[in-house]
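The values are calculated or read from the model by the stated rules, or taken from the named source; none is laboratory data. Fair warning: this is a prediction, and the values are worked out from it, not measured in the lab. Note that we place each Cβ from the backbone using ideal geometry, even for glycine, and neighbour counts take in every protein chain shown. Surface areas here come from the heavy atoms of the whole protein model, side chains and all, with no ligands, DNA or RNA. Shrake-Rupley method; radii C 1.70, N 1.55, O 1.52, S 1.80 Å.
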Amino acid sequence: MANSLEGASVVVLGGSSGMGLATAKMAREAGARITIAGRDAERLDAAATELGGDVATVSVDVADENAVAKMFDELERVDHVATLAGAAVYGRITELEVADMHRPMDVRLWGSIHVAKHAAPRMNGGSITFCSGVAAEQPVSGRAIGTATTAAAEALGRALALELAPIRVNTVRPGAIDTPMLKRAMGDRYDELIAAEAQRLPAGRVGEPDDIARAIVFFMTSPFITGVTLTVDGGHLLT
Ligand SMILES: NC(=O)c1ccc[n+]([C@@H]2O[C@H](COP(=O)([O-])OP(=O)(O)OC[C@H]3O[C@@H](n4cnc5c(N)ncnc54)[C@H](OP(=O)(O)O)[C@@H]3O)[C@@H](O)[C@H]2O)c1
């Protein structure tokens, strides 16, 4: 069945938390064999336990090309890949250190490049999904680097949809999604900010990790969809 992942091998980078963990869970429920990757081995083990065992884990930093290459070399089979790894830096460009601005580029843009470069030769069709964010479309002062890296990831996805065909390459563009990353970003004002955002959004709530997982599994199971950036933001870009 075209819309089943039965027997497929699905790799989720950033699969130990938030949207990536939800994606791994949903793909597993659709019948896939799952590999999750992230930097922290303990977090990966906890996620594998939460997923119910029988899940491979790989400790890897997507910014490290050699580590990404080794990971894909050692996988027996790769059908679908999603990379959710991201890093943010906040502040005005005139006040940030250039060294600090490299990390988001290294993780989201170079990480996506490393993943595509080393996954594609192992794949025979299937799909790769990148992750951006609404800042790609709607810049916010003090987040220029986030806008640049997410927009670059989307452009990379469109270009690679041509270059890597018949592998399909798409990008999911999340709005505010209630994950550990969002909790860390909001700090002490989490409850207050989530409530305000829910009231402001046309959807009447912030996103859940499953909202993004559903979009990624949709990409994996939709053979005629490639080169697409799908916004999943509860209407944020309309407001
Ligand atoms: N939450 C939001 O509202 C929101 C909105 C727009 C876009 N996004 C983007 O959506 C993606 C997923 O975010 P999330 O909210 O689900 O975050 P999360 O809960 O913090 O999960 C991030 C995952 O990525 C892994 N990761 C981070 N850096 C990595 C690296 N360099 N190499 C390999 N794995 C790495 C983390 O594990 P380790 O830390 O152990 O490596 C974790 O598994 C991110 O790219 C984020 O920027 C989030």
- Query: Does THR49 satisfy the criteria of being in contact (Cβ under 8 Å) with a residue 40 or more places away in the chain, among the β-branched types (Val, Ile, Thr) and more than 10 Å from the ligand (Cβ to nearest atom)?
  - Reply: no
- Message: Looking at (1) under 28 Å from ALA151 (Cα atoms); (2) buried (at least 18 other Cβ atoms within 10 Å of the Cβ); (3) of a type in the set (Lys, Arg), which one does ARG33 not meet, given that it meets all the others?
- Response: (1)
- Candidates ARG184, ARG214, filtered to the one that is surrounded by fewer than 21 Cβ atoms within 10 Å (Cβ to Cβ), in a helix (DSSP H, G or I), modelled with pLDDT under 95 and under 19 Å from the mean Cα position of the chain (by Cα): ARG184
- Query: Can you spot a residue in segment 145-164 that is open to solvent by 40 Å² or more (accessible area, probe 1.4 Å), in contact with a Phe, Trp or Tyr (Cβ under 7 Å, 6 or more places away or on another chain) and touching a residue at least 24 places away in the same chain (Cβ under 8 Å)?
  - Reply: no
- Looking at VAL62, VAL78, which one is within 13 Å of VAL10 (Cβ to Cβ) and either among the charged types (D, E, K, R) or part of a loop (DSSP other than H, G, I, E, B) (or both)? VAL78
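Tally time: how many residues in segment 1-19 are within 16 Å of the ligand (Cβ to nearest atom) and surrounded by fewer than 21 Cβ atoms within 10 Å (Cβ to Cβ)?
Total satisfying the criteria: 1.
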- Query: Out of segment 179-196, which residues are among the hydrophobic types (A, V, I, L, M, F, W, C) and closer than 18 Å to GLY146 by Cα?
  - Reply: MET181, LEU182, ALA185, MET186
- Message: For segment 36-57: of the residues being assigned to a helix (DSSP H, G or I) and open to solvent by less than 30 Å² (accessible area, probe 1.4 Å), which is nearest to ALA87 (Cα to Cα)?
- Response: LEU44
- Total residues in segment 58-67, condition in contact with a strand residue (DSSP E or B) (Cβ under 6 Å, 6 or more places away or on another chain) and either surrounded by fewer than 20 Cβ atoms within 10 Å (Cβ to Cβ) or on the phi > 0 side of the Ramachandran plot (or both): 0
- Go through segment 20-44 and give me each residue that's within 11 Å of the ligand (Cβ to nearest atom) and of a type in the set (D, E, K, R). ARG39, ASP40, GLU42, ARG43
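Does LYS70 satisfy the condition of being surrounded by fewer than 22 Cβ atoms within 10 Å (Cβ to Cβ) and within 14 Å of the ligand (Cβ to nearest atom)?
yes
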- When you go through (1) touching a strand residue (DSSP E or B) at 6+ places or on another chain (Cβ under 7 Å); (2) open to solvent by less than 20 Å² (accessible area, probe 1.4 Å) one by one for LEU84, which number turns out not to apply? (2)
